[in-house]
Amino acid sequence: MSKRIVINPLTRISGFMEIDVTVENNQVVDAKTKGNLFRGFEQMLIGRSPFDSVYFTQRICGICSAAHSMASSLALEDALKIVPMEQGKYLRDIIHCCEFLQNHIRHFYQYTAPDFVKIDQNSLFQADHDDFRLPPEINDRISRHYFESLTISRLAHQMLAVLGGKAPHNHGVFIGGITTQATAEKVVHLDSILQKISAFIDESMIPDVYDIARYYPEYFQLGRGYGNLLTYGSFNNYKELGTLYVDPLVLTAEGMQVFDESKIQEKIDYSYFTAMEDTYSPREAAPMPDMDKSDAYSWVKAPRYNGLPFEVGPLARLVLSGLYNNGISAMDRTIARALEAKKIAEIMKVLLQQIIPGIDVQKKYELPEAASGRGLVDTTRGALGHWLKVKDKKISFYQIITPSTWDFSTRDENGYYGTAEAALIGTPIQNPEKPAEIGRVLRSFDPCMSCATHVYTPGKQVKTIKVF
């Protein structure tokens, strides 16, 4: 007997997402991940000063705002033919490290842990399932860390604000590096906070994730998807330091290859957008919204690399860098996020040691009459790309592909599901009335659907779980 399960919205993620799956014999046989949000920022930027994009695009999201300032700054540097000083790159990447740490700690404890840990002390949280297996002493320990993580993740934002002015939506990241200078006092301040965060990751976060994995071993077999992995590169290409993490790479069944930007396309066959062509290069077209489009079911588009859907994020980076080889699954993603937090803390430590206080990395920038550029950077959730064009010294074109667009894309005309949709196919559902497995698989990707503007439908319920 076939059953349809609709969850709207999926909770404990950033933004609004609806899940629509079909279950037969207690197994998912079809899935649609629906982004119920409209991204309007590309249209907002048309006609504005190119420099505005660094600050406008940060408002796409309050979780990963520094990531957008990074991509926008890189796109402007590409367009203006600016090569930042190494000190500028170090400082900007330190801010980026802070956002990695804040996000990974927050996501593991606040978003993922409640799927496996019974947190009775939180009166605001109500579990939507009863599959809790941890022994009381482990459950209670992780519950304590759940609350401690709020302070630790806040410390990461405090670090970001030391160089960025505030968090979220920093004022620091810009062309050439950051807008201010590093002082010896700031470097010492950052290092002292980093020591506290690193200790929490080593002593709490990593042991906690492995304890969860030990009592939920079947999740190493669930949520694989296609197994295609992609990264634009992360904390790499330094003149003296080389690559501290990973270079631009892709992995498919044919093996590992160097990333080739020209192979990126975006498809809108099942998205609420229209354009001259349903498949296009992100540097050539920005489609227009169309909620009345037939067969469409999501505001999320469908990026493809060499025609295939790809997974991006911490697990992809760890595997491609050679630092993780256990497998690709929902649990592997969760473990990878904790291990990457440790790696990022180590990278930040190295970058702080390179900082020379008192160096000004800024100058006056002249806008050309016409230019084009792109900024590709790996962020907390994966590969983020910004593409822009300048005409008459104003933005004439802007296009963004976020990591969650890669992971939560719609299907395409070639029959490929989106990455997260494919990860759901084959998932066993023990209790269709409380489908905990769906949330666990999807949250392992750390979806960020708030990278858009909310579309509100009057009269629609705030949250529904429907079984048909």
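The values are calculated or read from the model by the stated rules, or taken from the named source; none is laboratory data. All values reported here derive from a predicted model rather than from experimental measurement. Cβ coordinates were reconstructed from backbone atoms using ideal geometry, including for glycine residues, and neighbour counts include every protein chain displayed. What goes into the accessible areas is simple: the full protein's heavy atoms, side chains included, and nothing from ligands, DNA or RNA. Shrake-Rupley method; radii C 1.70, N 1.55, O 1.52, S 1.80 Å.
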Accessible surface, 1.4 Å probe, highest first, among residues 20, 128, 120: 120, 128, 20
From phi via Karplus (6.51, -1.76, 1.60), per-residue ³J(HN,Hα) for the stretch 344-351 in Hz, x at Gly/Pro: 5, 4, 5, 5, 4, 4, 5, 5
Dimensions in Å of the stretch 134-197 - Rg and Dmax from alpha carbons: 16.1, 51
Placed amide H near residue 390: partners under 5 Å, 5+ positions off or other chain: 371, 372, 396
Positive-end residue, the chain charge dipole about Cα centroid, Cβ charges, pick of 2, 153, 404: 153
Packing-based order for 214-221, 384-391, using average beta carbon neighbours within 10 Å, highest first: 384-391, 214-221
Inter-centroid distance (Cα atoms) of the stretch 349-396 relative to the stretch 170-195, Å: 17 Å
Exposure of residue 171 as accessible area (Å², to 10), given a probe of 1.4 Å and all protein chains: 90 Å²
Cα-based convex hull volume of the stretch 183-239 per residue, rounded to whole Å³: 132 Å³
Per-selection Rg to Rh, the chain - Cα, Kirkwood hydrodynamic radius: 0.95
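Sorting 449, 291, 1 by accessible area (1.4 Å probe), largest first, what list results?
Output order, biggest surface exposure first: 1, 291, 449.
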Total charge dipole magnitude, the stretch 7-51, about the Cα centre, Cβ charges on Lys, Arg, Asp, Glu only, Debye to nearest 20: 300 debye
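Using alpha-carbon pairs under 8 Å, 6+ residues apart, how would you state the relative contact order of the chain in percent? Working shown, then result.
Working: 998 pairs, mean separation 128.2, N = 468.
This gives 27 percent for the chain.
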Residues residue 392 and residue 30, FRET efficiency given R0 of 30 Å [Cβ-Cβ distance, rounded to 0.05]: 0.05
Potential lengthening between residue 83 and residue 131 on full extension [0.36 nm per residue; Cα-Cα distance subtracted]: 12.0 nm
Under the Karplus curve 6.51 cos²θ - 1.76 cosθ + 1.60, θ = phi - 60°, whole-Hz ³J(HN,Hα) for the stretch 431-445, x wherever Gly or Pro sits: 9, x, 6, 9, x, 4, 4, 4, x, 5, 5, 5, 5, 4, 7
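Below 14 angstrom from the Cβ of residue 141, what's the summed charge of the other residues (Lys, Arg +1; Asp, Glu -1)?
-4
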Estimated Rh, the stretch 217-312: Kirkwood, alpha-carbon pairs, angstrom: 15.7 Å
Label-point gap, in nm, between residue 158 and residue 46 - each point 7 angstrom along Cα→Cβ: 4.5 nm
Cα centroid of the stretch 241-317 to Cα centroid of the stretch 32-95, whole Å: 18 Å
Residue 29 long-range amide H proximity, modeled H, under 5 Å: 22, 23, 24, 426
Share of pairwise Cα separations in the stretch 1-158, more than 26 Å, in percent: 50 percent
Nonlocal amide H pairs with residue 249, under 5 Å, H built at 1.01 Å: 231, 233, 259
Dipole of the stretch 154-298 [Lys/Arg +1, Asp/Glu -1 at C-beta], most positive-end residue of 204, 252, 281: 204
Dipole in debye (nearest 20) - the chain, about Cα centre, beta carbon charges: Lys, Arg +1; Asp, Glu -1: 860 debye
